[in-house]
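The structure appears below as structure tokens.
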Amino acid sequence: MRILIIGVTTRAVAESALRAGCDIVTVDYFGDLDQKRLCENHSLRERGLKYSVAALLRAAHNLRYDAVAYSGGLENHPATVARLARSKLLLGNTPDTLRRVRDPARLFPFLAAVGFAVPRTIAYGEPLPSWGTWLRKPVRGGGGQSVCFWRGQPLAAGQILQEYIEGTPASASFVADGRRSVLLGWTEQLRAPRGFSYGGNMLPLLGPPTALAEVGAIADALTAEFGLRGLNGFDFILRDNRPVLLEVNPRYCASMELFDRASGFSAFGLHLAACEGRLPERVSLRGGSWGKAIVYAPGQVTLGETESWIERGVRDVPHAGEVIEKGQPICTVLAWGATHAACAAALRAEMEAIWSDCPLLACAR
């Protein structure tokens, strides 16, 4: 069975799929150097195209595949998922499930009704608040992109306001068979140097067992209500030792790469099994702290040689000669430490090593 893996970026899920012994072809935006070494890849960037789901669909049009699995970005476009999966096996949540679980008007009232904490949320067209601190977010968002503090301006169609919650940003990962779920674990979520963009994760999150148990209960409730299948995740804020759910990501999530590293299993292998109705009894993780961080460019840089980055464990490696604009991701670095602090220090050292290879960035920091 040949599987099409498609989304904004597919490198991490492709690594996991290959570890599970899958035959894959990938379509994404970046087409990074290490991605090209992994498997057959078709990227929008190398075609000179801007990212859009329509462009992804066109890039996949003439490819041969028997099944399709989507990664980040496509959960917001159930009609595109339906087109990709026409006459193919869909490995993941159905378009109808995506529509329901990604709808704040359905998600948050359900969670609140069964006793879980959710932020106050105001949709386009509803009265705007006169007090409090709020974030303006796109309904069809992802990775923290276009999230900012609300300054009182009117909302545009496709935007919501969400109460700003103080606490530790975090995420949870679980696998589900449509009725039951098994929690893989939870991670602290790192933010980019500026704004709310995704900056990486550290596994595990440092929190009390009661909070972890509630995270597992949320996964169970979401699975039962929305019929989630395969790998899923959700973002939350740990406030006063309770999770406050922000959004559900009903597909392979960036943090799942750390579960592969910490356990030795293939998260994508678990995804395939769950889509067939088989769940693991439990997943054991090795000790210590596991981290990944996105290295962002504080200034414009033209890259030199980057092949050696792959050999030292860097991921999402750009091609030599690429121009990276200020605020855009350069690559992903990974680290392990015996403690949370040691892992954070190791991640920082890996980021510094990348910056040292980019003289223009070293001057701009």
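The values are calculated or read from the model by the stated rules, or taken from the named source; none is laboratory data. This is a predicted model, so every value here is computed, not measured. Note that each Cβ is placed from the backbone with ideal geometry, even for glycine, and that neighbours are counted across all protein chains shown. Just so you know, the surface numbers come from the protein's heavy atoms only, side chains and all, with ligands and any DNA or RNA stripped out. Shrake-Rupley method; radii C 1.70, N 1.55, O 1.52, S 1.80 Å.
What is the list of residues in segment 160-195 whose amide nitrogen lies under 16 Å from a point 7 angstrom out from the Cα of E352, following Cα to Cβ? From segment 160-195, the list is empty. Applying the Karplus relation 6.51 cos²θ - 1.76 cosθ + 1.60 with θ = phi - 60° to segment 171-186 yields 3J(HN,Hα) values of 8, 10, 10, 8, 10, 9, 10, x, 10, 10, 9, 10, 6, 7, x, 9 Hz, where x marks Gly and Pro. Note on segment 137-277: Kirkwood radius taken over Cα pairs, Stokes-Einstein applied at 4 °C and 1.567 mPa s, translational D equal to 82 µm² s⁻¹. Shape call for segment 76-153 from the C-alpha gyration tensor, a ≥ b ≥ c root eigenvalues: rounded (a/c under 1.5), prolate (a/b greater than b/c) or oblate? It comes out prolate by the Cα gyration axes.
If the chain between V114 and R64 were fully stretched, how many nm would it gain, using 0.36 nm times the residue separation less the Cα-Cα distance? Kindly include the intermediate steps, with their values, before the conclusion.
Working: separation 50, 0.36 × 50 = 18.00 nm, distance 4.42 nm.
Between V114 and R64, full extension yields 13.6 nm more.
The residue list S181, V215, S52 was ranked by how far each Cα lies along the charge dipole of the chain toward its positive end, using unit charges on Cβ atoms, and S52 comes out on top.
Database remark: amide H of L4 closer than 5 angstrom to the amide H of V25, D66, A67, V68, A69 (H placed geometrically; neighbours at sequence offset of 5 or more, or on other chains; Pro and chain starts carry no H). Size of segment 1-143 from its Cα atoms: along the principal axes, largest to smallest, the extents are 53, 32, 26 Å.
Just the accessible area for V182, please: 1.4 Å probe, Å², rounded to the nearest 10? Taking all protein chains as shown, V182 has close to 20 Å².
Extents of segment 281-351, largest first, come to 45, 22, 22 Å (Cα atoms, principal axes, whole angstrom). Would you mind classifying the chain by shape? Square roots of the alpha carbon gyration tensor eigenvalues, ordered a ≥ b ≥ c; an a/c under 1.5 is rounded, otherwise it is prolate if a/b is larger than b/c and oblate if not. Rounded shape, in that the Cα axes give a/c under 1.5. Kindly provide log₁₀ I(q)/I(0) values, in the same order as q = 0.12, 0.25, 0.27 Å⁻¹, from the Debye equation applied to equal alpha-carbon scatterers of segment 17-95. With no solvent term, the Cα-only Debye profile gives -0.33, -1.41, -1.52. Between L128 and D103, the contour length at 0.36 nm per residue exceeds the alpha carbon distance by 7.1 nm.
Taking 18 Å as the cut-off, the amide N atoms of segment 287-320 that come nearer than this to a point 7 Å along the Cα-to-beta-carbon line of A345 belong to 288-292. Kirkwood hydrodynamic radius of segment 167-213, from the reciprocal of the average inverse Cα-Cα distance over all distinct pairs: 12.0 Å. Between H319 and D240, the simple label model (points 7 Å from Cα in the Cβ direction) yields a spacing of 5.3 nm. Each of A224 and S52 was given a label point 7 Å from its Cα along the Cα-to-Cβ line. The distance between the two points is 4.3 nm.
Per-residue ellipticity at 222 nm, computed for the chain from helices alone with -39500 (n - 2.57) per DSSP H run of at least four residues, works out to -8500 deg cm²/dmol.
With N the number of residues in segment 200-298, Rg(Cα) / (2.2 N^0.38 Å) evaluates to 1.13. Simple spin-label estimate for E163 and D96 gives 3.3 nm between the two label positions (7 Å along the Cα-to-Cβ direction from each Cα).
All alpha carbon pair distances within segment 246-286 were sorted into 5 Å bins beginning at 0; the resulting P(r) in whole percents reads 5, 20, 28, 26, 16, 4.
Starting from the exponent 0.38 and prefactor 2.2 Å, build the expected Rg for segment 124-215 from its residue count and divide its actual Cα Rg by it.
Values: Rg = 16.0 Å, N = 92, 2.2 N^0.38 = 12.3 Å.
Normalised Rg, Cα atoms only: 1.30.
With all pairs of separate Cα atoms included, segment 235-359 yields a Kirkwood hydrodynamic radius of 16.9 Å.
Note that segment 302-315 has calculated 3J(HN,Hα) couplings of 9, 7, x, 5, 10, 4, 5, 4, 4, 5, 9, x, 6, 10 Hz, one per residue in order, obtained from phi through the Karplus relation 6.51 cos²θ - 1.76 cosθ + 1.60 (θ = phi - 60°); glycine and proline are x.
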